[in-house]
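Participant: My questions will all concern the structure given below.
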Amino acid sequence: MSQHLPREAALYHSPSPSPADTWRITESAFAPTRQHTGESLFTLSNGHLGTRGAFEEGYPGDWPATFIHGIYDDALIGCTELANAPNWLPFDLLVEGERFRLDHGEVLSYRRELDMFHGLLTRTVRWRSPAGRTVDIAIERFASLADPHLCAIRYEVTPLDFDGAIEWRAGLNGHVGNRDTLHWDILGHGERHGIVWLHSRTRGTGIELGQAARLTVAPAGESERFCLDCNGYPQAVGRVRARRGQPISAEKIVSVFSLRESPEARITAIEKLQGLGVGYDNLRAAHAGEWEKYWRVSDVVIEGDDEAQQAVRFGLFHLLAAAPRHDEWVSIGPKALSGFAYRGHVFWDTEIFMLPFFTLTQPELARNLLMYRYHTLPGARRKAAANGFEGAQYAWESADTGDEVTPAWVPRRNQREPVRIWTGDLELHISSDVAYAVWQYWQATGDEVLLANYGAEIILDTAVFWGSRAEWNADKGRYEIKDVVGPDEYHDRVNNNAFTNHLVRWHLETAQAVWRWLEQNHPARADALAAKLKLQTQTFALWADVATRLCAPVDPVTSLIEQFDGYFERRDVNLAEHLPRAASMQVLLGIEGVNQTQILKQPDALMLFFMLRDRYDARTLRANWDYYAPRTDHAYGSSLGPAVHSLLACEIGEPEAAYEHFRRAAQADLDDVRGNTADGIHAASIGGLWQAVVFGFGGLRLAREGWTATPRPPAHWQRLAFRFYYRGKLEEVDWRRDG
Ligand code: BGC
């Protein structure tokens, strides 16, 4: 059943890294054609902003980008997107007037390295200029986790065979776009007491951004300093005479504030640097210390498989980095803050794939993410009302307000007509996915404040939506949910998607339980919610009736759950006959073509066993696994699939399949398996990977009475250890092969 066809040999890690390498990702050559993949992988984020790993000196065709949580703009395009912020990276080096570039002169050695333990990106280069001067260069940067408004770069140069002038130019470049879309008006730029600043504003949403940069050159006494005043691109310049063999360095410290954090973003950014009593080293130490704190709880230790260890840490590094720390009004998109794809919108990827990692290892971050859904309830209510329903219907793609932002049409590759995208209209399960995440968080944390004050409202108002959305079919004596898209987006506009319907049944049952809990434990809140959401006796009676009589069958003979009405009548295709291939089955058969078959883009009915394992017996899981797994486009369908299959394979005792799917998820970005890492890393795959390791190989089960773990790791793993909070207490599983 191997559909895994690695495109290229491992690009960004040695195939067998040593144990020390498992905290690092390295790049050993500058490859102009692979810049974009490296930019995604080497993104540095700090819960406030994320900056792609583009180079300080800039290259033709590069995609430098900084995405700041919550800074969306809708100028000139139909739907809003995270606006690529003015670039804080530019840091040019001139060696006796010759500009350092990797595509000029001679690169004698090169290494780029991401230190995931401390959140540092470094580059060491030995470069010979076209005129024959040789320098050693060491550049290090970070986006501070200790102070989310600060980023910093240290640039060290050692002349190896000459004495001469070294000049640095540290700038803030306002001339940026999201590819072709320009989101910023430049309001001003300038210099104050040696600090250059840039003031800009998004063109549609009017969010002001203030950025400031301070350049320090050591040894300070010998340097000459001035500023270059280029419109929208101020630069601080430092010039110094360097001597052969003696390292000299420059530091660029950058502050970033938006109107979302300060009414005077420009002034605040400048004053932040003026009042900064410390330099690069102190900021770096505070930043690295913060990373250590997160790793202490969130790290997963795998011994006996360094490649897996490295990949898991790589993924968790990106998830931890992207999670908003001080902001409940934003969430994490499928590419986190590392790429342009999906425009920074928020999908079910967050609640179903990423959130369990946060709920169990950093519950306060999980809380922020759930609060985003609470704050966007008004948008969900607008969506329900616009569609003629009651309650709250979450957006399939959500941004700043919670209103639906899925593009209705997207251009089709090599085709004239665009494609109609139905997910924004019809991929309804998102509303229950959010409710599910609230419930899971409550079960794991016991955070009564969140459930009573915010979570219950989410669960109840989305239940109100389902009460009005389910249709009674008098002929069949059952409720139905027609015209939807399930998780498997190869099939749209189907009736009675099993995943949706089974989940809705769970949702309506859970809503009743939440209501009872609220009435008993927080009667005043229950009264307030009853009034606000118009909850009446008939509402609860309807939920009970829909939950009981909703079409959600499991075949009593075969135990199969049909994905949607008529799925089994679609053409059955043997995927093995389509090997080898290097594209998704949708690309090969066409959108309409694949829709006529039983081929799945990603697990659909199987998601029920991933999310609601306790509601189905082992026989039902096995029957559905046997049916659906071979019909799924594992290699080129959705990146959300492999981790789910890995976990389920653990459940049914298929260790080889579990490991094969695990690897596919683990290497998704490091091997650029789908060829689209350039557009950003796959954050849901990473969240799923953590679940595959912890719930799958680690066998962790959370139940009302407590937790249990029955580890079943791959045969060659020697140790698997992880920590998690359960009801406020830090717990640990530390499994070793020999006891
Ligand atoms: C998948 C969805 C997912 C989205 C964003 C789509 O290709 O089918 O399940 O939410 O990508 O990652």
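Participant: Report, in degrees rounded to the nearest 10, the 0 to 90 angle that the Cα long axis of helix 363-375 makes with the longest principal axis of the chain.
Facilitator: Around 70 degrees separate the two axes.
Participant: If N is the number of residues in segment 31-276, what value comes out of its Cα radius of gyration divided by 2.2 N^0.38 Å?
Facilitator: 0.99
Participant: Further, regarding this structure: Return the whole-Å distance between the Cα centroid of segment 210-259 and the Cα centroid of segment 165-207.
Facilitator: 16
Participant: Turning to a different aspect of this structure: Please turn the phi angles of segment 346-353 into ³J(HN,Hα) values with the Karplus equation 6.51 cos²θ - 1.76 cosθ + 1.60 (θ = phi - 60°), one per residue in order, whole Hz, x for glycine and proline.
Facilitator: Couplings: 10, 10, 5, 3, 5, 6, 8, 9 Hz.
Participant: Next up: Over 28 Å between Cα atoms: which of 335/383; 383/534; 532/729; 252/293 fall into that group? Please report the intermediate quantities before stating the final value.
Facilitator: On the way: 335/383 25 Å; 383/534 18 Å; 532/729 35 Å; 252/293 26 Å.
Pairs exceeding 28 Å: 532/729.
Participant: Provide 674, 192, 382, 214 in ascending order of the number of other Cβ atoms located within 10 Å of each residue's Cβ, fewest first. List each step's numbers first, then the result.
Facilitator: Values: 674 20, 192 14, 382 17, 214 23.
Ordered by Cβ neighbours within 10 Å, fewest first: 192, 382, 674, 214.
Participant: Right, another one. Under a Cβ-Cβ cut-off of 14 Å, what is the net charge of the residues other than residue 375 that fall near it, where Lys and Arg count +1 and Asp and Glu count -1? Don't skip to the answer; put the middle values down first.
Facilitator: Values: positive: 260, 367, 373, 381, 382; negative: 327, 328, 400, 403, 457, 461.
Spelling it out: positives minus negatives among the neighbours equals -1.
Participant: What's the center-to-center distance, using Cα atoms, between segment 400-418 and segment 520-541 in Å?
Facilitator: Between the Cα centres of segment 400-418 and segment 520-541 lies a distance of 39 Å.
Participant: Going by average Cβ density within 10 Å per residue, which order do the peptides 247-257, 425-435 take, highest to lowest?
Facilitator: Numbers: 247-257: 23.6, 425-435: 25.6.
Averaged packing, sorted descending, gives the order 425-435, 247-257.
Participant: I need the peptides 305-316, 60-71 ranked by packing, meaning the mean over residues of other C-beta atoms within 10 angstrom, with the highest value on top. Walk me through the numbers before you get to the answer.
Facilitator: Values: 305-316: 24.0, 60-71: 21.2.
Answer by packing, highest mean first, reads 305-316, 60-71.
Participant: Could you tell me the ratio Rg/Rh of the chain? Both radii from Cα atoms, Rh via Kirkwood.
Facilitator: Numbers: Rg = 26.7 Å, Rh = 27.0 Å.
A ratio of 0.99.
Participant: Once phi is turned into ³J(HN,Hα) by the Karplus curve 6.51 cos²θ - 1.76 cosθ + 1.60 with θ = phi - 60°, what whole-Hz value does each residue of segment 111-120 show in order, with x for glycine and proline?
Facilitator: 7, 10, 9, 9, 8, 6, 5, 10, x, 10
Participant: Separate question: How large is ³J(HN,Hα) for each residue in segment 177-182, as worked out from phi by the Karplus curve 6.51 cos²θ - 1.76 cosθ + 1.60 (θ = phi - 60°), to whole Hz, x for Gly and Pro?
Facilitator: Working through the residues one at a time gives x, 8, 6, 8, 9, 9 Hz.
Participant: Compute the long axis of helix 523-533 from its Cα atoms, compare it with the longest principal axis of the Cα atoms of the chain, and write down the angle in degrees, 0 to 90, nearest 10.
Facilitator: Its long axis makes an angle of about 90 degrees.
Participant: For the ranges 628-634, 581-587, 566-572, 678-684, what's the packing order if you count other beta-carbon atoms within 10 Å of each residue, average per peptide, and put the highest first?
Facilitator: 678-684, 628-634, 581-587, 566-572
Participant: Taking the Cβ of residue 386 as the center, what net charge do the other residues with Cβ under 11 Å away carry, scoring Lys and Arg +1 and Asp and Glu -1? If you can, show how the numbers build up before the last one.
Facilitator: Working: positive: 381, 382, 383; negative: 403, 404, 425.
Net charge in that neighbourhood comes out at 0.
Participant: Which residue, 242, 104, 87, has the largest displacement toward the positive end of the dipole of segment 31-276 when charges sit on each Cβ (Lys, Arg +1; Asp, Glu -1)?
Facilitator: Value: 242.
Participant: Here's another thing I want to ask about it. Please list, ordered by chain and number, the residues whose modelled amide H lies under 5 Å from the amide H of residue 700; skip anything fewer than 5 residues away on the same chain.
Facilitator: 695, 710
Readers should treat all values here as calculations from the given coordinates under stated rules, not as data from a laboratory. It should be emphasised that the depicted structure is a prediction, and the values quoted were computed from it without experimental measurement. Cβ: placed from backbone, ideal geometry, glycine included. Neighbour counts: every protein chain shown.
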